[in-house]
Structure formats: structure tokens, C-alpha cells
1. How large is ³J(HN,Hα), in whole Hz, for each residue of segment 39-55 in order, when computed from phi with the Karplus curve 6.51 cos²θ - 1.76 cosθ + 1.60 and θ = phi - 60°, using x for Gly and Pro?
2. Hey, fewest Cβ within 10 Å first, where do D105, D40 land in order?
3. What aspartates and glutamates does K72 reach when the alpha-carbon gap must be under 14 Å and sequence neighbours fewer than 8 apart in one chain are set aside?
4. What ³J(HN,Hα) values, in whole Hz, does the Karplus curve 6.51 cos²θ - 1.76 cosθ + 1.60 give for segment 61-69 when θ = phi - 60°, with x put for Gly and Pro?
5. So how do I130, I115, I44 line up by other beta-carbon neighbours within 10 Å, fewest first?
6. Could you give each residue of segment 103-110 its phi-based ³J(HN,Hα) in whole Hz, using Karplus coefficients 6.51, -1.76, 1.60 with θ = phi - 60°, and x for Gly or Pro?
7. When a footprinting reagent is the concern and you count Cβ atoms within 10 Å, what order do M120, M1 take, fewest first?
8. Counting only the backbone N, which residues of segment 53-82 are under 19 Å from the spot 7 Å out from the Cα of H133 toward its beta-carbon?
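Any read-out appearing in this document is the output of simple, stated calculations on the displayed coordinates, not a laboratory observation. Note that the structure is a prediction, hence the values are computed from the model and not measured. Virtual Cβ from ideal backbone geometry, glycine too; neighbours counted across all protein chains shown.
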Amino acid sequence: MSWERELQEHYRKKGMIEQGYERDEIDRFYSNVVLPAFEDIKTILSQFVNSVHIKRYAYKANLRFNEKEIRKSVFRVEVSLKGNEVVFPFELNDMYAFGSRVPVDRLDALDKGFIIFNFMEFFKLREQKIVEHRLANREIPKNYWKVKSKTSYGADL
């Protein structure tokens, strides 16, 4: 096969089926499942944070919100470009994590509850990072060293 024909064949096949899912199946998944789940989450989050944004791309959707401790929290739902799976990567400030990967033969097997469940897993991890951040930035009490010096540590040495 010539290189010209090979390129044409590649894009013909890509147009028929994109990454294991048909294009209309991907669109239905985002329109009927992901975006409605994000809207439900946004409704609740908006009561507690100043800024919640939803953005849809061809193979992913982002839900982004900002708070004092973590100025940038981004939860994503992506249809994997490497096979039949959905991935849930996220960002906390400038840290990117791959999140969970779920093999799925049919996107219509997933529902809003599944998306919200994965968001809550992300949210719990995020809260854990906030606690770690608070502990790391905690000031040592001014009398800490005085209290330590009055103990018998090292007295027997």
C-alpha cells in the first residue's frame, strides 16, 4: 500500500470509529451523563466556593473550582485515547494526577451516579491534601523548646 493510501485509510477508519467508541456514543456520554453530573455537583459546590466552571472538550470534560487552601481544583472525565476506558485525572494547584481508570466496553453502561462517585473520591483525596497542607504549615508553639528542655531527655547519657 502506498503512503498516500495508508494515510487516507487511517483517516477513513478514524472517522468511522474513534478510539474504540463511535463519535455519537462519546457525545451522548458527555451530554447525557457527564455534564448533568457536573451540573448537579456545581449546584452544591456553588453554595460553598466562589468559582465553579464546567468545560467540555472532544474527549474530556473539566469541573474546576477554587478555594483558599487549594486555589485550583480540576476534576476531569476523559474518554481514553488509548482504548476502551474512561479515566478520571485531576489537578490540585500545579500537581497533576492520573486518577482512576475504568475499563468500559459501552459508555452507556455508566450513569451520573458513577461520575459523582468518582468526583467524591477525588474530593476526599483533595480534603486529605488540605489537611496535610495545614499540618505542614502549622507553627511550632513558642514554648515548645522550653517544655522540651525541662524534661529528662538525655539525662542518663
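1. For segment 39-55, the Karplus curve yields 5, 4, 5, 4, 4, 6, 4, 4, 6, 10, 10, 6, 9, 10, 10, 10, 9 Hz.
2. Values: D105 9, D40 15.
The order, fewest Cβ neighbours first, is D105, D40.
3. Partners found: E91, D94, E127.
4. Going residue by residue, I get 9, 10, 10, 10, 8, 10, 9, 4, 5 Hz, with x marking Gly and Pro.
5. On the way: I130 16, I115 25, I44 10.
By the 10 Å Cβ count, ascending, the order reads I44, I130, I115.
6. x, 9, 6, 10, 5, 6, 7, 9
7. Numbers: M120 12, M1 8.
Arranged by neighbour count, lowest to highest, M120, M1 become M1, M120.
8. 53, 63-76
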